[in-house]
Amino acid sequence: SLDHDRILRTLRALALATLRTNYYQRDSAGLPKVYLSHKLDCSQIPELPEPRPFRETFVYSPRVEAIHLRGDKIARGGIRWSGRHEDFRTEVLGLMKAQMVKNAVIVPMGAKGGFVVKKKITDRNAYREEGVECYRTLIRGLLDLADNMKGSKVIPPRDVRRRDGDDPYLVVAADKVTATFSDIANKISVEEYGFWLGDAFASGGSAGYDHKKMAITARSAWECIKLHFRQLNHNTQTQPFAVVGVGDMGGDVFGNGMLMSDQIRLIGAFNHLHIFCDPDPDPASSFKERQRLFKAVSGWDGYNTKLLSKGGRIYSRNDKILTLTPEIQKRFDIGKEKVMPFELIRAMLKARTDLLFFGGIGTYVKASAQTDADVGDKSNDALRVDANTLRAKVIGEGANLAVTQLARVEFAEHGGKINTDFLDNSAGVDSSDHEVNIKILLSDIMNRKGNTMTLPARNKLLESMTSDVATHVLRNNYQQSQAISLIELRARERLQLQEAVIIDLEREQGLNRALEGLPDHEEIQHRLRLGKGLSRPEICVVFAYAKIALSRNLLASDIPDRADMQHWLVSYFPPALQKKYEKEIKNHRLRREIIATLISNSLINRVGAGFVLEQRKKTGASDSDIAKSYLMVREIFQLRDLWDSIEALDNKVPAQVQLVAMKDIAELAKHASTWFLRRGNMKDMGKDIRDYSAAIKTLSKSLGSLVSQELKEGIIQRKTLALQD
């Protein structure tokens with residue numbers, strides 16, 4: 001029958017798509033391993049749903065079932081302990097898709113892993129131990145198939161026939177429930193496999209950057225939230241604002257997030273156990289109580305109820321019926337006194353509030369046109385609300401997948417301020433990538449002849465650079481959010497260019513509009529007639545894909561190998577390493593990838609996702625020459641000083657004024673870049689920068705204070721007056 005034929009063809013395709021297996025390996029006693037591990041080429045499996053990963057590793061035993069999905073050869077992402085036994089691959093695939101665009105700011109592409117515990121165990125401690133053993137099996141299954149390295153020599157795994165090329169880069173990270181598992185993975189990496197990455201294999205361990213201590217994910221989301229509020233002429237550090245949230249103070253993202261400002265008025269929050277309601281909180285006393293709970297790693301049941309405002313309550317989600325106070329009814333616009341827990345939660349999500357902050361796991365908002373089945377998060381079906389019913393002014397996604405992409409678009413079209421989860425919380429992966437790349441550098445230093453650096457000394461050095469890494473990472477979040485606002489400012493007038501970018505990315509990078517929630521051509525034409533552009537969440541997707549595309553194209557060029565580009569590589573590392581190990585930095589194993597990523601980020605952050613395509617069409621230049629022209633203009637016109645002076649005006653002038661000034665500079669960069677590209681010689685870049693910089697400097701001196709006045713004050717004054725008019 002046709003079904004038999006399809007099944008047999010699929011089985012055959014799976015066999016042919018298998019690149020490596022540990023089936024022939026033996027353990028230390030010479031016996032077959034108690035688990036199987038298979039590495040698959042996903043492009044060769046016809047039945048696989050979109051998006052298709054670059055590679056998938058499947059690990060199976062009677063105790064555990066696990067997968068690891070990678071977006072490319074150099075890829076990284078967390079390992080999740082999943083509770084979704086029937087469809088955990090769907091969950092991990094969705095997370096990998098989000099990780100792909102989140103990782104646009106770092107060197108590796110997205111990856112994600114997950115496992116389910118197959119034994120049914122009721123005792124909590126025993127269940128955790130079983131989970132740890134299952135996690136160990138997954139890690140061993142991945143390392144069984146990974147190439148190792150000794151110096152620059154690649155060493156294939158024993159008893160494995162490789163049907164792909166060398167593939168030594170394998171990095172994992174923490175995720176749901178596995179936040180403390182990095183040391184377990186690193187111990188296996190170092191002691192059992194002697195893996196070349198050592199304890200850089202799993203970031204965030206005891207000798208790494210602790211995300212919770214750094215508060216890095218919450219801080220990154222807050223950089224984006226602060227910009228949203230600046231655009232609403234609200235300073236989150238000096239003016240009170242109401243918040244509804246998902247999570248509790250014991251959690252990393254939510255706990256740290258609710259300590260980002262002492263002006264937060266947390267009117268409601270919920271986790272999996274409790275519902276917190278404080279209709280009219282005092283910012284000062286509630287802030288101190290949240291600090292206490294955070295230090296105690298406590299849930300909402302630990303909150304001092306004496307500090308709640310009149311009518312405030314903390315309810316258990318296990319209660320069948322909740323009796324609401326008049327104050328809670330009024331605050332959340334609930335017309336009845338007795339409700340079920342899910343009804344109160346839904347009302348809280350739809351509350352009149354300034355900020356809706358997601359720091360807990362789950363998808364709670366969908367588009368009105370979507371069904372709960374479309375979302376793929378059955379456990380929260382009863383709580384989920386439609387985006388067009390939200391009344392929050394701003395949404396911050398510290399957690400992944402809290403809002404569907406179509407819901408983000410719908411919320412933005414109704415006037416709400418929102419990015420995407422991968423942009424809001426990208427600092428977690430960014431700091432982990434810094435950790436891995438710093439450890440790779442220090443490992444090479446420790447392995448060289450005559451080295452005197454010990455492991456304790458390395459760990460102390462790593463710890464001393466925590467603040468520098470955080471500053472570098474959060475700078476990326478600030479600039480990315482600002483860049484989205486700059487593109488949004490011109491969204492209507494540049495819609496046709498944005499569609500041209502989308503078409504180019506479809507052709508060159510395999511972008512799938514439907515999967516990414518981007519409008520099709522018919523919808524684009526409809527928006528053109530209405531005078532509407534891409535929404536902010538849609539811009540985020542195009543923005544991330546444009547970065548990935550440019551990074552890949554720069555990697556294929558000579559740019560990462562040029563002597564005049566090495567300062568990008570050095571600047572990536574903290575000052576303590578720059579001064580002492582510049583030579584070693586320039587020989588870093590991922591030096592080309594780091595340079596290409598940094599240049600791609602700088603260009604698209606400052607001049608937009610459509611800049612490269614626009615210059616290609618105007619001049620016929622290659623991506624590498626376009627990047628060179630941008631860098632020349634950046635140095636000759638000293639644009640970094642201008643950008644810094646505008647950014648220093650945060651909360652001093654309207655955010656719209658700053659954006660208009662940024663737009664003017666982007667236009668200058670575009671015109672000057674076009675001029676250089678039409679000259680057709682990008683080889684003498686260093687000489688051109690020196691010559692033209694000198695000419696600009698001379699001109700500035702001859703004009704004297706007039707230029708300074710125009711740049712530093714005139715632009716701001718003119719734009720302020722224009723906005724007031």
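The values are calculated or read from the model by the stated rules, or taken from the named source; none is laboratory data. Because the structure is a prediction, the values reported are computed rather than measured. Because the Cβ atoms are built from the backbone with ideal geometry, glycine has one as well, and the counts that use them run over all protein chains shown. For the accessible areas, the whole protein counts, side chains as well, though only heavy atoms, and no ligand, DNA or RNA atoms are used. Shrake-Rupley method; radii C 1.70, N 1.55, O 1.52, S 1.80 Å.
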Residue among 422, 342 that is modelled with pLDDT under 95, open to solvent by 10 Å² or more (accessible area, probe 1.4 Å) and either in a loop (DSSP other than H, G, I, E, B) or of a type outside the set (Val, Ile, Thr) (or both):
422
How many residues does region 248-281 hold that are open to solvent by less than 10 Å² (accessible area, probe 1.4 Å), part of a loop (DSSP other than H, G, I, E, B) and in contact (Cβ under 8 Å) with a residue 60 or more places away in the chain?
1
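Name the residues in region 546-583 that are of a type outside the set (A, V, I, L, M, F, W, C), open to solvent by less than 50 Å² (accessible area, probe 1.4 Å) and within 26 Å of residue 72 (Cα to Cα), would you?
Step one: filter region 546-583 for residues of a type outside the set (A, V, I, L, M, F, W, C), giving 547, 551-553, 557-558, 560-562, 564, 566-567, 571-572, 574-575, 578-583.
Narrowing the set further to residues that are open to solvent by less than 50 Å² (accessible area, probe 1.4 Å) leaves 547, 551, 557, 560, 562, 566, 572, 574, 581.
Hits for region 546-583 are 547, 551, 557, 560, 562, 566, 572.
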So residue 106 ticks every box in (1) farther than 19 Å from residue 401 by Cβ; (2) touching an Asp or Glu at 6+ places or on another chain (Cβ under 7 Å); (3) aliphatic (A, V, I, L, M); (4) surrounded by fewer than 24 Cβ atoms within 10 Å (Cβ to Cβ) but one. Which box is left unticked?
(4)
One residue from 179, 218, 185 being of a type in the set (Gly, Ala, Ser) and either part of a loop (DSSP other than H, G, I, E, B) or surrounded by fewer than 23 Cβ atoms within 10 Å (Cβ to Cβ) (or both)
179
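Being under 19 Å from residue 619 (Cα atoms) and in contact (Cβ under 8 Å) with a residue 12 or more places away in the chain is the filter here; which residues of region 663-682 pass it? Before you say what the answer is, go through the steps one by one.
We begin by selecting, within region 663-682, every residue under 19 Å from residue 619 (Cα atoms); these are 666-682.
The answer is 666, 668, 669, 670, 672, 673, 674, 676, 677, 678, 682.
Looking at 105, 117, 101, 92, can you tell me which residue is more than 24 Å from residue 425 (Cα to Cα) and touching a residue at least 24 places away in the same chain (Cβ under 8 Å)?
Numbers: 105 fails: more than 24 Å from residue 425 (Cα to Cα); 101 fails: more than 24 Å from residue 425 (Cα to Cα); 92 fails: more than 24 Å from residue 425 (Cα to Cα).
Every option except 117 fails the conditions.
Does residue 361 count as surrounded by fewer than 20 Cβ atoms within 10 Å (Cβ to Cβ) and either of a type in the set (Val, Ile, Thr) or over 30 Å from residue 212 (Cα atoms) (or both)? Steps first, please.
Numbers: surrounded by fewer than 20 Cβ atoms within 10 Å (Cβ to Cβ): no; either of a type in the set (Val, Ile, Thr) or over 30 Å from residue 212 (Cα atoms) (or both): yes.
Criteria not met by residue 361.
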Filter region 364-376 down to residues that are among the β-branched types (Val, Ile, Thr) and at pLDDT 95 or above and give me whichever is surrounded by the most Cβ atoms within 10 Å (Cβ to Cβ).
365
Being among the acidic types (Asp, Glu) and either open to solvent by 50 Å² or more (accessible area, probe 1.4 Å) or in contact with a helix residue (DSSP H, G or I) (Cβ under 6 Å, 6 or more places away or on another chain) (or both) is the filter here; which residues of region 618-635 pass it?
623, 635
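Consider region 162-184. How many of its residues are free of Cβ contacts under 8 Å to residues at least 60 places away in the same chain and out of contact with any Ser or Thr (no Cβ under 6 Å at 6 or more places or on another chain)?
So in region 162-184, the residues free of Cβ contacts under 8 Å to residues at least 60 places away in the same chain come out as 165-166, 168, 170, 180, 182-184.
Of the ones still in play, those that are also out of contact with any Ser or Thr (no Cβ under 6 Å at 6 or more places or on another chain) are 165-166, 168, 170, 180, 182, 184.
So the count comes out to 7.
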What's the number of the only condition in (1) assigned to a loop (DSSP other than H, G, I, E, B); (2) surrounded by fewer than 24 Cβ atoms within 10 Å (Cβ to Cβ) that residue 399 fails to meet?
(2)
Any pair with Cβ under 9 angstrom, 6 or more apart, that starts in region 573-585 at a residue that is under 17 Å from residue 472 (Cα atoms) and ends at one that is outside any helix (DSSP H, G or I) and of a type outside the set (Phe, Trp, Tyr):
573/465; 573/588; 574/465; 575/465; 576/465; 577/465
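Kindly evaluate residue 459 against the criterion of being at pLDDT below 90 and either more than 30 Å from residue 541 (Cα to Cα) or aromatic (Phe, Trp, Tyr) (or both). Working first, answer last.
Details: at pLDDT below 90: no; either more than 30 Å from residue 541 (Cα to Cα) or aromatic (Phe, Trp, Tyr) (or both): yes.
Against the criterion (at pLDDT below 90 and either more than 30 Å from residue 541 (Cα to Cα) or aromatic (Phe, Trp, Tyr) (or both)), residue 459 does not qualify.
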Every residue in region 589-602 that is out of contact with any Asp or Glu (no Cβ under 9 Å at 6 or more places or on another chain), surrounded by fewer than 24 Cβ atoms within 10 Å (Cβ to Cβ) and touching a residue at least 40 places away in the same chain (Cβ under 8 Å), please.
590, 593, 594, 599, 601
Out of 216, 184, I need the residue that is within 17 Å of residue 141 (Cβ to Cβ) and of a type in the set (Val, Ile, Thr). Which one?
184
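Give region 643-652 a look and list any residue that's in contact with a Lys or Arg (Cβ under 9 Å, 6 or more places away or on another chain) and open to solvent by 30 Å² or more (accessible area, probe 1.4 Å), or say none.
Of the residues in region 643-652, the ones in contact with a Lys or Arg (Cβ under 9 Å, 6 or more places away or on another chain) are 643, 645, 650-651.
If the condition is that a residue be in contact with a Lys or Arg (Cβ under 9 Å, 6 or more places away or on another chain) and open to solvent by 30 Å² or more (accessible area, probe 1.4 Å), then 645, 650, 651 are the ones that fit.
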When residues of region 7-54 are limited to those that are of a type in the set (Lys, Arg) and free of Cβ contacts under 8 Å to residues at least 40 places away in the same chain, the one nearest to residue 69 (Cα to Cα):
52
Find all pairs meeting these conditions: Cβ atoms under 8 angstrom apart; at least six residues apart or on different chains; first residue within region 683-695 and under 21 Å from residue 621 (Cα atoms) and open to solvent by less than 60 Å² (accessible area, probe 1.4 Å); second residue charged (D, E, K, R) and at pLDDT 75 or above.
685/564; 685/628; 686/564; 689/635
Total residues in region 148-192, condition over 23 Å from residue 117 (Cα atoms), of a type in the set (Ser, Thr, Tyr) and under 29 Å from the mean Cα position of the chain (by Cα)
1
Considering only residues that are open to solvent by 20 Å² or more (accessible area, probe 1.4 Å), in a loop (DSSP other than H, G, I, E, B) and under 16 Å from residue 156 (Cβ atoms), which ones fall in region 6-38?
23, 24
Take the residues of region 198-214 that are of a type in the set (A, V, I, L, M, F, W, C) and open to solvent by less than 10 Å² (accessible area, probe 1.4 Å): which is nearest to residue 256 (Cα to Cα)?
202
Hey, residue 509 under 24 Å from residue 421 (Cα atoms) and either touching a Cys at 6+ places or on another chain (Cβ under 9 Å) or among the polar types (S, T, N, Q) (or both) or not
yes
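Residue check: is residue 605 under 23 Å from residue 223 (Cα atoms), open to solvent by less than 20 Å² (accessible area, probe 1.4 Å) and in contact with a Lys or Arg (Cβ under 9 Å, 6 or more places away or on another chain)? Explain how you work it out, then say what you get.
Numbers: under 23 Å from residue 223 (Cα atoms): yes; open to solvent by less than 20 Å² (accessible area, probe 1.4 Å): yes; in contact with a Lys or Arg (Cβ under 9 Å, 6 or more places away or on another chain): yes.
When the stated conditions are applied, residue 605 passes them.
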Within region 244-277, which residues are under 23 Å from residue 309 (Cβ atoms), under 23 Å from the mean Cα position of the chain (by Cα) and of a type in the set (A, V, I, L, M)?
244, 246, 249, 258, 259, 260
Among the helices (runs of 4 or more DSSP H) confined wholly to region 552-601, which include 1 or more residues that are on the phi < 0 side of the Ramachandran plot and in contact with a Ser or Thr (Cβ under 7 Å, 6 or more places away or on another chain)?
575-580
